[in-house]
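Just below is one structure, and these are the notes that go with it.
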């Protein structure tokens with residue numbers, strides 16, 4: 001059943017061991033210009049991020065990254081650019097979430113409890129604003145109507161802010177993937193870089209390699225990867241042991 005498959009994927013993401021390079025609270029400070037761009041031109045940012053998440057290969061594009069029932073049924077193969085533009089303008093929230101799921105599943109990234117609280121607060125505020133609007137329409141009270149308008153403005157402000165931070169978070173993660181800062185993708189990290197500062201328990205698995213197509217370097221050195229051991233000479237020191245009879249005696 002498709003819905004059960006989606007639920008299993010959501011449950012599986014809770015077991016991922018890697019974290020976003022920047023949490024939602026730090027994205028504004030980490031990349032302020034892009035955060036402003038994502039806030040004032042959100043659909044454009046969503047379009048560019050999805051295309052970049054697909055390694056600029058639009059032949060791999062599927063509506064909502066394959067996470068929605070409509071995926072693969074919108075004629076994406078005939079005109080992927082137009083379908084993506086339609087997705088980001090008409091289904092902006094789904095486009096952001098789909099890019100997020102795409103990156104999480106590719107690199108085994110979980111969402112921290114703090115980020116989950118921020119996203120959950122955004123959804124709850126939207127639901128409360130919707131309920132107040134319905135109550136104001138039924139009752140016809142001017143006070144409730146004004147309160148619903150204020151809640152709607154607040155919900156929209158929080159929604160735009162959180163979506164901008166999420167898109168900036170995705171952009172920073174792909175900057176890391178493409179080696180635009182920090183150690184290069186194939187470089188072995190130093191010992192102090194094996195565990196992230198904001199991670200209580202170091203991950204037991206590293207990021208998986210990128211897809212075979214297009215050919216790309218591996219996405220970072222796996223966390224906790226053992227350093228190469230020094231080659232030992234042959235025969236090893238102390239061989240043969242003392243007292244061992246030599247041949248020919």
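The values are calculated or read from the model by the stated rules, or taken from the named source; none is laboratory data. Computed from a predicted structure; not experimentally measured. Neighbour counts run over all protein chains shown; Cβ positions are idealised from the backbone, glycine included.
Data table
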item	result
Residue tally, condition crowded, with 18+ Cβ neighbours inside 10 Å and in a helix (DSSP H, G or I), over region 11-29	2
Condition broken by residue 87, with the remaining ones in (1) within 25 Å of residue 31 (Cα to Cα); (2) within 20 Å of the chain's Cα centre (by Cα); (3) touching a residue at least 24 places away in the same chain (Cβ under 8 Å) satisfied	(1)
Residue tally, condition in a helix (DSSP H, G or I), modelled with pLDDT of 90 or more and surrounded by fewer than 18 Cβ atoms within 10 Å (Cβ to Cβ), over region 52-82	6
Residue identified as modelled with pLDDT of 90 or more, within 17 Å of the chain's Cα centre (by Cα), over 24 Å from residue 47 (Cα atoms) and surrounded by fewer than 15 Cβ atoms within 10 Å (Cβ to Cβ) among 124, 117	117
Lone qualifier among 148, 133 - being modelled with pLDDT under 90, surrounded by 19 or more Cβ atoms within 10 Å (Cβ to Cβ) and part of a helix (DSSP H, G or I)	148
Hey, residue 103 at pLDDT 90 or above, farther than 23 Å from residue 175 by Cβ and either touching a strand residue (DSSP E or B) at 6+ places or on another chain (Cβ under 9 Å) or buried (at least 17 other Cβ atoms within 10 Å of the Cβ) (or both) or not	no
